[in-house]
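The next block holds one structure in the form of structure tokens; read it before the comments.
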Amino acid sequence: MNSLIRPSYAGSIAVIERSIFQPGSLIVASTPRRIWRTWHFQQSPASRGAKTVSKKKVKELQQGAIQADPLPELEDDRTSAYPQYPPLLQGVRANMAKYPNCLLMTRVGNFYEFYFEHAEECARLLNIKLASKSSPKHPSVPMAGFPFWQLDRNLKILVQDLNRYVAISEELRVTGNSPVKARAGMPQFDRKVTRVISPGTLIDEKFLDPYSNNFLLSICIEPPSDASATPQDIGLAWIDLSTGDFFTQTAPMASLGTALARVGPREIVMDEQIPESVKGELQSLVGNHQDLITYHQTASAFDSMSKWSIGTGEQISGHEEAQFSSLEKLAGHQLIDYLNTRLPGLQLQLQPPRKRNLNQYLAIDRHSLRGLEVLETSRDGLGKGSLFHAVRRTVTPGGSRLLRDRLTAPSGSIPEIDERLDLVTLFFADADLRESVIQLLRRTHDVQRLVQKFTLNKGDADDLISLARAIQETASIHGTLREAGESADDEYASLLQRLLAKFSLDGPSLLAHQIFRCIDEEGLAQLHHQEETESAEVAASAAEVVRAASPDDMSILPKNARVKARLAENRFSDPDMHDAWIMRRTASETIAKLHEDLDVLKEERSTLEQTLQQELNTNSLTLKWTPGLGYTVHVKSLAALNRGKEVVKDRFVPSTRNARSFYLTEWTGLGRKLDHARTYIRTEETRIFGELRQQVIQNIVALRRNAVVIDELDIAAAFASLASEEGWTRPILTSTTNHNIVGGRHPTVKLGLEEQGRSFVSNDLNLNEHKQLWLVTGPNMAGKSTFLRQNALITILAQAGSYVPAQYAEIGLVDQIFSRVGAADDLFRDQSTFMVEMLETATILKQATARSFVIMDEVGRGTTPQDGMAIAYGALHHLHNINKCRTLFATHFHTLADLTHDWTRLARYCTDITEGPSGSFTFQHKLRPGVNRQSHALKVARLAGIPNAALDAADSVLCRLHFEKNDRDTLTEPTSALLGAAA
Ligand SMILES: Nc1ncnc2c1ncn2[C@@H]1O[C@H](COP(=O)(O)OP(=O)(O)O)[C@@H](O)[C@H]1O
Ligand SMILES: [Mg+2]
């Protein structure tokens, strides 16, 4: 007998008979009292980009339960430790002790439940009802739970939004050799934590952001000889489980913050024993996000990278291993060890690690990333208004992830940048080619994440179809590019040749062919429709049980569960309803044969039905299957029943008012045969599915390679679209230390102004070894900061391989960009605005090289004017004489212009205000050579609406100060004397 268990809540159980045991499913457990319905595991469709929903389809229910083969044996540590509780709670207590930092979710029937203090906490966090579990012999214990289809939603809240760790304890069948023996009357299943979900270990959760990577980062240091010493270097390793991306890097300790900003990890793993100095530094870097850090003690010592079980059969050779530093290896080892403890039943599947060298990239430190608003704006931390947001035209998730990477780590190699720019130019010049490639790109799927799912033993028939479609589109893109290559001139023809050579299509095309040959898309669609109904059914039975057990708890059920319940009622009337097959009959010889058998049985069924209809002389007779009743013959007409007493033989079953059902041996036997035939087909489908999955894995290297090319094409086409929409130009990268930008614009401010119907005034910049530093003065609000940032952003865009907002741009390759802009208070670190400013300035002066590009905006404004000016002078002096880097320096300290009048490599530029009649004025956003000594601050204050009385007072004091200063200046020159000494 196969059954559908109604959800048990607060310990109550109800069983519904069910005729079909679906194969290829997530099997739970089977007992005389409880026989669990199984859920399709591999046949679920994808509901891409699904938002948080409270209703779940059956297909989505496998969440959290990863196929765990083989699971480590259970430690039977429960009975002894917590004798006061019933067995279930003893297990819960033991698991809570084993996973101390996690919230423990325990699967009980169709619910996930929290107990003890976790119940109290989660009831609050998830806004679910707090109940209590009590039995006569045991103390009452707080509990809170939710139906299993809400798992995704609740994981999103706990893990994604609140950064909590959740241990999921699933129900598992007790095997013969398990130490937990099934005793008479005891359940034959046990619960075990199969996975710990933390922000960095998400795999294919629906709430994963498709447009950004989900990195887990590990940090390691060389064990220091002296515990108090600060280590010089750190080893980093980071992994995105959802794509299998795996990177390593060695970086100076001082650039830890920059590394963090660039990688943007969702979780950071490090050893608890790490020296206090590093721990403190990291803690202050993550600021309010302390919960990002996980301390993990690696169980085994590092041996060799070839021992890393990173899957896909690729071993790391000794030769490859040599390129990684020992710190990187340690970090990688720690990361893999951590993942193994988090996903105990899972065989890790990662791409081979890739080493990132610091000098391969234009380094943008974390303050600059924030100050330049590369990824998010500093005002509200939102994406809109950021560079990333303004330039993003990519159409695939993978392209978008790569764009983030390109902008935070632009290239440091001219040939690489030129190669990227060539591709952009190709798409820029050929709009038709660009449009057709973009159209095809829109239809590809996220192959990186799809493939990764299959390697992790997840993925379903819909994923296979998506993959096959993506392969087809990849082939079409290849074809389109090949055609373009035939008519292109020599330069582009060879570029296209190189690009085409990166594709590897043979294996994947065969795979796509196989997938389409086997999978029946119509059947799949039908199956989804059916699953909709099934989920309604589950919701309905949950509603019933909850209503019966504790009517107060109805609030935990989705509202539409009750409505849907009615819809589900009719589904059992037709047994053929279950015949939604995901594989075509032609998929294998076996399946063809099995379908023939089923057809014969169906024929018998309809013959039986017809015969009975004739005997009873009624058309209203049907052969049915219903939960609870099993196989019945259903007749609407009472008169017909009376006519067929011979057939019916009083084996009536209770039924509805105006109809009658009875049992018939022939139908029961035939019904069982039909069930078996269906079961065989499902089993064969599962086998074929497994074969296809295997073929995906065999093609993994080719699939990933193609995905990389697709991402590159997406970015190139996106940059080209952007350039043609906005009238951008191709930058020329040189090995000089010059910047020559004509008609430069700010990529985001320009957009903002245009939205308001205003136009942007472009500005030139010319830096070279003769004029290395520009000192920019001018009134408030006239565009100094904008000018500084726009040049930094143009540099970043150019080295990322994009066109730039300018008429002409010649850029000498930059190694690091620094920007000291705006006032960012860091209250968590208990540092005043001024302290933050000084720290950032110190970093710049210590780290900028002759290849760097520095922008400094109003340094020294956070203290008294004299001190501030002195510090600004000191910084300027250092940049000019020691760092000798390209620098833009905006200031209100006009005296600086006087103090630097004989510096040869410094140029002075300013912005202006033009005053009209009757006090009106306009900002001149155009830079001109010279110094502007007027801040016009009072004008801006008036514009901002400062009351007239306050303005009058300000005006009078300003006049007096001017007067006094002029007086004094004729007597002495104190400031320059002071600074002369300092210089
Ligand atoms: N080149 C420009 N063309 C047009 N408007 C500009 C330009 N530069 C700046 N602005 C406008 O002026 C505002 C203030 O610019 P900002 O650079 O902050 O000035 P400052 O730093 O000199 O006080 C900007 O928000 C923008 O609206
Ligand atoms: Mg400014």
- Looking at Gln283, is it more than 24 Å from Ile697 (Cα to Cα), in contact with a strand residue (DSSP E or B) (Cβ under 8 Å, 6 or more places away or on another chain), free of Cβ contacts under 8 Å to residues at least 12 places away in the same chain and open to solvent by 10 Å² or more (accessible area, probe 1.4 Å)? yes
- Here, strands (runs of 3 or more DSSP E) confined to the range 164-244 with at least 3 residues that are over 25 Å from the mean Cα position of the chain (by Cα) and modelled with pLDDT under 85 are 165-173, 189-197
- Query: Looking at this structure, is Leu433 assigned to a helix (DSSP H, G or I), aliphatic (A, V, I, L, M) and not assigned by TED's automatic domain parsing to the domain that holds Ser487?
  - Reply: no
- Task: Have a look at Leu751, Leu733, Leu765 and point out the one that is in a strand (DSSP E or B), over 15 Å from Lys926 (Cβ atoms) and in contact (Cβ under 8 Å) with a residue 60 or more places away in the chain.
- Result: Leu733
- Query: Listed residues Glu666, Glu684, Glu646; which is at pLDDT below 75, assigned to a helix (DSSP H, G or I) and not hydroxyl-bearing (Ser, Thr, Tyr)?
  - Reply: Glu646
- Query: In this structure, is Ser655 of a type outside the set (Asp, Glu), in the same structural domain as Leu601 (by TED's automatic domain parsing), at pLDDT 75 or above and surrounded by fewer than 18 Cβ atoms within 10 Å (Cβ to Cβ)?
  - Reply: no
- Message: Among the residues that make up the range 926-934, is at least one of them of a type in the set (S, T, N, Q), farther than 14 Å from Asn780 by Cβ and either within 16 Å of ligand 1 (Cβ to nearest atom) or modelled with pLDDT under 85 (or both)?
- Response: no
- Message: Any residue that is closer than 27 Å to Ala429 by Cα, within 16 Å of ligand 1 (Cβ to nearest atom) and open to solvent by 10 Å² or more (accessible area, probe 1.4 Å) - is there at least one of those in the range 792-811?
- Response: yes
- Task: Could you check, for the range 384-391, whether at least one of its residues is surrounded by fewer than 16 Cβ atoms within 10 Å (Cβ to Cβ) and either touching a helix residue (DSSP H, G or I) at 6+ places or on another chain (Cβ under 7 Å) or not basic (Lys, Arg) (or both)?
- Result: no
- Message: Exactly one condition in (1) open to solvent by less than 10 Å² (accessible area, probe 1.4 Å); (2) touching a residue at least 40 places away in the same chain (Cβ under 8 Å) is false for Leu369; which is it?
- Response: (1)
- Note on the structure: Only one of Ile700, Ile710 is away from ligand 1 (no atom under 12 Å from the Cβ), out of contact with any strand residue (DSSP E or B) (no Cβ under 8 Å at 6 or more places or on another chain), closer than 30 Å to Leu350 by Cβ and at pLDDT below 95, namely Ile700
- Task: Output the number of the condition that Ile414 fails; it satisfies all remaining conditions of (1) crowded, with 18+ Cβ neighbours inside 10 Å; (2) touching a strand residue (DSSP E or B) at 6+ places or on another chain (Cβ under 7 Å); (3) not acidic (Asp, Glu).
- Result: (1)
- Query: So Leu421 clears everything in (1) out of contact with any helix residue (DSSP H, G or I) (no Cβ under 8 Å at 6 or more places or on another chain); (2) open to solvent by 50 Å² or more (accessible area, probe 1.4 Å); (3) modelled with pLDDT of 95 or more except one condition, right? Which one?
  - Reply: (2)
- Item | Any chance Ala470 is of a type in the set (A, V, I, L, M), buried (at least 17 other Cβ atoms within 10 Å of the Cβ), more than 25 Å from Ile697 (Cα to Cα) and touching a residue at least 24 places away in the same chain (Cβ under 8 Å) | no
- Task: Considering only residues that are at pLDDT below 85 and part of a helix (DSSP H, G or I), look in the range 785-835 and name the one that is nearest to ligand 2 (Cβ to nearest atom).
- Result: Thr833
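For (1) closer than 19 Å to Gly812 by Cβ; (2) assigned by TED's automatic domain parsing to the domain that holds Lys771; (3) without any contact (Cβ under 8 Å) to a residue 24 or more places away in the chain; (4) within 16 Å of ligand 1 (Cβ to nearest atom), each residue gets a yes or a no:
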position	(1), (2), (3), (4)
Thr849	yes, yes, no, no
Met856	no, yes, no, yes
Pro865	no, yes, no, no
Tyr873	no, yes, no, no
- Message: Can you report the number of residues in the range 830-848 which are of a type outside the set (Phe, Trp, Tyr) and either closer than 17 Å to Thr777 by Cα or open to solvent by 50 Å² or more (accessible area, probe 1.4 Å) (or both)?
- Response: 6
- Query: Pick from Ser588, Ser620: which is over 48 Å from the mean Cα position of the chain (by Cα), surrounded by 12 or more Cβ atoms within 10 Å (Cβ to Cβ) and not hydrophobic (A, V, I, L, M, F, W, C)?
  - Reply: Ser620
- Failed criterion for Leu899 (all others in (1) in contact with a Leu (Cβ under 9 Å, 6 or more places away or on another chain); (2) within 16 Å of ligand 2 (Cβ to nearest atom) hold): (2)
- Item | Test set (1) within 12 Å of ligand 1 (Cβ to nearest atom); (2) farther than 22 Å from Gln924 by Cβ - Met781 fails condition number | (2)
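To keep it simple, each residue is scored yes or no on (1) of a type outside the set (Asp, Glu); (2) in contact with a Gly (Cβ under 6 Å, 6 or more places away or on another chain); (3) closer than 30 Å to Glu725 by Cα.
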| site | (1), (2), (3) |
| --- | --- |
| Leu773 | yes, no, no |
| Val804 | yes, no, yes |
| Ser819 | yes, yes, yes |
| Thr833 | yes, yes, no |
| Glu840 | no, no, no |
| Ser852 | yes, no, no |
| Tyr873 | yes, no, no |
- Query: Within the range 743-778, restricting attention to residues that are at positive phi and more than 9 Å from ligand 1 (Cβ to nearest atom), which residue is least open to solvent (accessible area, probe 1.4 Å)?
  - Reply: Gly743
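The values are calculated or read from the model by the stated rules, or taken from the named source; none is laboratory data. Remember, predicted model here, so these are calculated numbers, not experimental data. Cβ: placed from backbone, ideal geometry, glycine included. Neighbour counts: every protein chain shown. Ligands, DNA and RNA are excluded from the accessible area calculation, which covers all protein heavy atoms including side chains. Shrake-Rupley method; radii C 1.70, N 1.55, O 1.52, S 1.80 Å.
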